[in-house]
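Trainee: The structure under discussion is supplied below as structure tokens; questions concerning it will follow.
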Amino acid sequence: MRKKLLGKSFGYVLIGISSLIMIVPFLSALMNSLKTYKEYTTVPPRWIPEVFQWSNYADVFKLGNIGGYTLNSIFVALLSVIGALISCSMVGYAFARLRFPLKSALFVLVLGTMMIPAVVIIIPHFIIFNKLNMLDTLTPLWIIEWLAQPFGIFLMRQAFMNIPKEYEEAAKMEGCNPFQIYMRIFIPMARPTLATLAIFTFMGKWNEILTPVIYLTSNEKYTLPIGILSLSGQWTGNEQLMIAAALVSLVPILLVFLFAEKYFVQNHNMAGIK
């Protein structure tokens, strides 16, 4: 009993230390975003500002087109999430439940593409979008997700493989075709995995920097990450505003995670249950 108590105590201490390591940089950034420039550059640095400069967050929207950049990022992220959920779930369902020639070989080929570095396919993608006259538009940032990405396919296939066959057989006896089974049986039962895929896709697209830098040239088309970076020259002498803008960019990610947290946790709890 005593060893068990010591083990639990050690676990709690370890979790507490890990939490502090994770939260201290965030608190430091929050305090820096609420300082004046003089306090921000003070040596040695001060942890807490004398007066909290909440106006810094209002100044972020006044000094740059943060609202426009945010709308562009929301547009790209939402279309990417919708595309990923539709395409990956349909392809994952096909690999999990349908029968067709070379299914196993094709699935191995799909998994093999996950080992290809993203940098390798940048030039082919650029040439394709250039031929389609899509450069300097938001389309290249989200349309790729509508073509079913390997990670999403693998995630959805595993979720559908864990659904008992009895549900599918009962639906077939009721006269449902494969698409009806997919929509009425598999999609509702795979909500936790769909939420997980939505979170990963949203976070990836929201924080993406490389792709927007390659395809976008007009300032009004910038997404939030590169929009904030493009304003760094205007904020010389007001670097604390850069930190405030970075924290503002975290809000949508936190909202999405809090909204889908229940399904995300449920998905992990069910991972070992078949």
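The values are calculated or read from the model by the stated rules, or taken from the named source; none is laboratory data. All of these numbers come straight from a predicted model, not from anything done at the bench. Neighbour counts run over all protein chains shown; Cβ positions are idealised from the backbone, glycine included. Just so you know, the surface numbers come from the protein's heavy atoms only, side chains and all, with ligands and any DNA or RNA stripped out. Shrake-Rupley method; radii C 1.70, N 1.55, O 1.52, S 1.80 Å.
Trainee: For segment 68-77, take each phi angle, set θ = phi - 60°, evaluate the Karplus expression 6.51 cos²θ - 1.76 cosθ + 1.60, and give the result in whole Hz per residue in order, putting x for glycine and proline.
Mentor: Karplus-based 3J(HN,Hα) across segment 68-77 equals x, 4, 5, 4, 4, 5, 4, 4, 5, 5 Hz.
Trainee: Heavy atoms only, probe 1.4 angstrom, no DNA, RNA or ligands counted: give me Ser89, Ser232 ranked by accessible area, highest first.
Mentor: Numbers: Ser89 0, Ser232 55 Å².
Of Ser89, Ser232, the descending order of accessible area is Ser232, Ser89.
Trainee: Probe radius 1.4 Å, ligands and nucleic acids left out: which of Glu220, Glu174, Glu168 has the largest accessible area, and how do the rest follow?
Mentor: Details: Glu220 110, Glu174 150, Glu168 20 Å².
Ranking Glu220, Glu174, Glu168 by accessible area, largest first, yields Glu174, Glu220, Glu168.
Trainee: Got a sec to turn the phi values of segment 203-219 into Karplus ³J(HN,Hα) couplings, 6.51 cos²θ - 1.76 cosθ + 1.60 with θ = phi - 60°, whole Hz, x for Gly and Pro?
Mentor: After applying 6.51 cos²θ - 1.76 cosθ + 1.60, I find 4, x, 6, 5, 8, 5, 10, 4, 5, x, 4, 6, 9, 9, 10, 7, 4 Hz.
Trainee: Separate question: What is the distance in Å between the Cα centres of segment 3-50 and segment 144-183?
Mentor: Each part's Cα centre sits 44 Å from the other's.
Trainee: Another one. Determine the calculated [θ] at 222 nm for the chain from helices alone, applying -39500 (n - 2.57) to every DSSP H run no shorter than 4 residues and normalising by the residue count; nearest 500 deg cm²/dmol. Mind showing how you got there, number by number?
Mentor: Details: 14 runs with 186 residues, N = 274.
Roughly -21500 deg cm²/dmol at 222 nm, from the helical runs in the chain.
Trainee: Could you tell me which label, among [x] 41, 29, 16; [y] 31, 23, 17; [z] 26, 25, 20, carries the value of semi-axes √(5λ) of the Cα gyration tensor in Å calculated for this structure?
Mentor: [x]
Trainee: Still on this model: Treat every Asp and Glu Cβ in the chain as -1 and every Lys and Arg Cβ as +1, leave all other atoms uncharged, and give the resulting dipole magnitude about the Cα centre to the nearest 20 debye. Walk me through the numbers before you get to the answer.
Mentor: Values: 21 positive and 13 negative charges, 213 e Å.
The dipole of the chain has a size of about 1020 debye.
Trainee: Now, a different point. If every alpha-carbon in segment 33-138 counts as one equal scatterer, what log10 I(q)/I(0) does Debye give at q = 0.16, 0.22 1/Å?
Mentor: Each listed q maps to, in turn, -0.96, -1.24.
Trainee: Further question on the same structure: Mind grabbing the accessible area of Leu216 for me, 1.4 Å probe, Å², rounded to tens?
Mentor: 10
Trainee: Then there's this: ³J(HN,Hα) across segment 151-164 via Karplus (A = 6.51, B = -1.76, C = 1.60, θ = phi - 60°), whole Hz, x for Gly/Pro?
Mentor: Once θ is set to phi - 60°, the couplings for segment 151-164 become 4, x, 4, 4, 4, 6, 4, 5, 5, 6, 5, 7, 7, x Hz.
Trainee: Hey, rough spin-label estimate for Leu98 and Asn133, points 7 angstrom out along Cα→Cβ, what's it come to in nanometres?
Mentor: Output for this residue pair reads 3.4 nm.
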